[in-house]
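Participant: If you scroll down you'll find the structure; I have some questions about it.
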Amino acid sequence: MKLEFFGAAGEVTGSCHILHVGPYKLLLDCGMIQGSRKDEDRNHDEFPFAADQIDAVVLSHTHLDHSGRLPLLVKRGFNGPIYAQNATKDLCRVLLLDAADLNERDTEAENRRRLRKGLLTIEPLYLREHVKQTLAKINGFAYRKREEILPGVSIRFHDAGHIMGSAIVEVTLSEGTLQRTLVFSGDLGQYDTPILHDPSVVEDADVVLMESTYGGRAHRDRNSTIREIGDIIKNAAHEHGNILIPAFAIGRSQDILYMLGKHYKQWKLENWRVFLDSPMAIEVSKIYWDYPHLYDEEATKLRRRINEMPELANLHLTRTVQESRVINRLKSGAIVIAGSGMCNGGRIVHHLKHNLWRRECHVIIVGYQARGSLGRQLVDGRRHVRIRGETIKVAAKIHTVGGLSAHGDQQDLCRWYGGFNNRPRLILVHGETASARALATKLERDLRAPVSVARPGQTVDLARIAH
């Protein structure tokens, strides 16, 4: 009985871990590597295991850094079942098909450049047909329902409070007389945020895998964040500029719409035109509304009162490319929510190209930005960036609003681990080295946690962990 780490160990993206139980191999997540071009090229590498030897996959949630290589796994021979929370199953249909379409378009563009240079062409990472095969393998489970998925292996999902359908995965393992309980946090949300519940308490485990994305920092509190966004909108109105919000289609886009609706009058949004410029985010928003039983108390009360997301009379849903292009004719008064969340692709790139060089414009960063991504360059204060082969001056004001992050900060992560009755062996994943080490130091000092930071290729013998 052992655990191996192959992704999101020493970095944030590419979540992928393997459990060996008797003759069976269980994969926890199969995520895409995101960030710089060099990082993303690693997605084409061979898996460090045989895809056709994996018996099952358990998926913590839909974000591509956790689910994005599932179709590649299928393409390379995986033929087993995939298990996920019900909402995650529905969201995968939207996200993975969109990822395949985007991958095919990007590959076509890259091959045109290669042909002009006399270079060999490349194949897409995977196609829509591989996504369809993947979707047919996903089995949806409700929260808190225990299911045996392999002989000696049962799982139970708990609400992680990160995005709709995000799960803390509790895995119970039996191998002869040996029994162990492993808990994989997936991505943990902040406490006391709108729409979703707080991360669930799990009381017992022998070993815990916990994310550490923001393990070295504290987010701004919710009230300070509300004031900050209100000030940004006020200043942008005074300066007659636009506001761009790069946002992931699942989670951040819905949270931002909710917040804009809730503070519509306070922020004088009647003077703005709000664009949700993402066909995928539009589709995801519909799915969010199909799971009212997963809302927190505030969102539930609001839904009962108006039976829809908070009203935005000036919200424009732009589905087509032509509609998206029209937005860039607006020199002021536009709030544009568009993907991708790390600014590495999608429609936000075009809006940045038309607005970054303008001093009166503002960019609000609301989510994690991987190393090497365009979003990370903006957060790090780069004065010039490359967009679609063109150098663009960064004159717009860049605001990093950590209070809207879908990830818990150091205090949230410590609070969640502190909910265990015992002090289970803790292994930190899904974090850059500095963040993970900072969190480990905090946990050792304050909670006396037996904690370590995962390394790529590391193997942990679960039989040696005290029960």
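Participant: Criterion first (under 23 Å from the mean Cα position of the chain (by Cα) and modelled with pLDDT under 95) does V74 satisfy it?
Facilitator: Criteria not met by V74.
Participant: Those residues that are in contact (Cβ under 8 Å) with a residue 60 or more places away in the chain, of a type outside the set (G, A, S) and surrounded by fewer than 22 Cβ atoms within 10 Å (Cβ to Cβ), I need them from the stretch 41-68; list them, please.
Facilitator: N43, H44, P48, D55
Participant: Can I ask one more? Do any strands (runs of 3 or more DSSP E) entirely within the stretch 47-162 hold 1 or more residues that are touching a helix residue (DSSP H, G or I) at 6+ places or on another chain (Cβ under 8 Å), and if so, which?
Facilitator: 56-58, 82-85, 138-141, 153-159
Participant: When you go through (1) modelled with pLDDT under 95; (2) surrounded by fewer than 20 Cβ atoms within 10 Å (Cβ to Cβ) one by one for R358, which number turns out not to apply?
Facilitator: Of everything listed in (1) modelled with pLDDT under 95; (2) surrounded by fewer than 20 Cβ atoms within 10 Å (Cβ to Cβ), R358 misses just condition (1).
Participant: Checking H219 against (1) touching an Asp or Glu at 6+ places or on another chain (Cβ under 6 Å); (2) within 19 Å of I327 (Cβ to Cβ); (3) buried (at least 19 other Cβ atoms within 10 Å of the Cβ), which single condition isn't satisfied?
Facilitator: With (1) touching an Asp or Glu at 6+ places or on another chain (Cβ under 6 Å); (2) within 19 Å of I327 (Cβ to Cβ); (3) buried (at least 19 other Cβ atoms within 10 Å of the Cβ) applied to H219, the lone miss is (2).
Participant: Considering the stretch 329-355 alone, what residues qualify as being touching a helix residue (DSSP H, G or I) at 6+ places or on another chain (Cβ under 8 Å), under 21 Å from H238 (Cα atoms) and assigned to a loop (DSSP other than H, G, I, E, B)?
Facilitator: G333, the sole residue that qualifies.
Participant: Hey, another quick one. Return yes when A395 is out of contact with any strand residue (DSSP E or B) (no Cβ under 7 Å at 6 or more places or on another chain), surrounded by fewer than 22 Cβ atoms within 10 Å (Cβ to Cβ), without any contact (Cβ under 8 Å) to a residue 60 or more places away in the chain and among the aliphatic types (A, V, I, L, M) and no when it is not.
Facilitator: yes
Yes or no, residue by residue, for (1) over 26 Å from the mean Cα position of the chain (by Cα); (2) assigned by TED's automatic domain parsing to the domain that holds R227; (3) at pLDDT below 95; (4) within 30 Å of A249 (Cβ to Cβ):
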site	(1), (2), (3), (4)
I387	no, yes, yes, yes
K397	no, yes, no, yes
N422	yes, no, yes, no
R425	no, no, no, no
V429	no, no, no, yes
R437	no, no, no, no
P450	yes, no, no, no
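Residues are listed down the side, and each one gets a yes or a no for (1) of a type in the set (K, R); (2) surrounded by fewer than 17 Cβ atoms within 10 Å (Cβ to Cβ); (3) in contact with a Phe, Trp or Tyr (Cβ under 8 Å, 6 or more places away or on another chain); (4) outside any strand (DSSP E or B):
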| position | (1), (2), (3), (4) |
| --- | --- |
| V363 | no, no, no, no |
| G367 | no, no, yes, yes |
| G375 | no, no, no, yes |
| L378 | no, no, no, yes |
| G381 | no, yes, no, yes |
| C414 | no, no, no, yes |
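Participant: Can you tell me which residue within the stretch 77-98, out of those that are within 17 Å of the chain's Cα centre (by Cα) and free of Cβ contacts under 8 Å to residues at least 40 places away in the same chain, is surrounded by the fewest Cβ atoms within 10 Å (Cβ to Cβ)?
Facilitator: L97
Participant: Among E123, E104, E108, which is the only one that is surrounded by 14 or more Cβ atoms within 10 Å (Cβ to Cβ), over 17 Å from the mean Cα position of the chain (by Cα) and within 21 Å of R37 (Cβ to Cβ)?
Facilitator: That would be E104, the only listed residue that is surrounded by 14 or more Cβ atoms within 10 Å (Cβ to Cβ), over 17 Å from the mean Cα position of the chain (by Cα) and within 21 Å of R37 (Cβ to Cβ).
Participant: Six or more apart or on different chains, Cβ atoms under 9 Å: show the pairs whose first residue is in the stretch 143-157 and under 15 Å from Y24 (Cα atoms) and whose second is assigned to a strand (DSSP E or B) and acidic (D, E).
Facilitator: As it stands, the answer is G152/E175; S154/E147; S154/E148; S154/E170; I155/E147; I155/E148; I155/E170, since those pairs meet every condition given.
Participant: Kindly evaluate L196 against the criterion of being modelled with pLDDT under 95 and buried (at least 22 other Cβ atoms within 10 Å of the Cβ).
Facilitator: Taking the combined requirement at face value, the residue satisfies it.
Participant: If you don't mind, there's one more thing I want to ask. In the stretch 23-68, which residues are closer than 14 Å to I138 by Cα and of a type in the set (D, E)?
Facilitator: D29, D55
Participant: Output the residues belonging to the stretch 168-200 that are touching a His at 6+ places or on another chain (Cβ under 6 Å) and small (G, A, S).
Facilitator: Correct list: G186, G189, S200.
Participant: Here is a list: E203, E270. Which entry is farther than 28 Å from A395 by Cα and among the acidic types (D, E)?
Facilitator: Going through E203, E270 in turn, just one is farther than 28 Å from A395 by Cα and among the acidic types (D, E): E203.
Participant: Name the residue, out of F141, F157, that is over 20 Å from F5 (Cα atoms), crowded, with 23+ Cβ neighbours inside 10 Å, assigned by TED's automatic domain parsing to the domain that holds W416 and of a type in the set (F, W, Y).
Facilitator: F157
The values are calculated or read from the model by the stated rules, or taken from the named source; none is laboratory data. Owing to the predicted nature of the structure, the values given are computational and were not obtained by experimental measurement. Because the Cβ atoms are built from the backbone with ideal geometry, glycine has one as well, and the counts that use them run over all protein chains shown.
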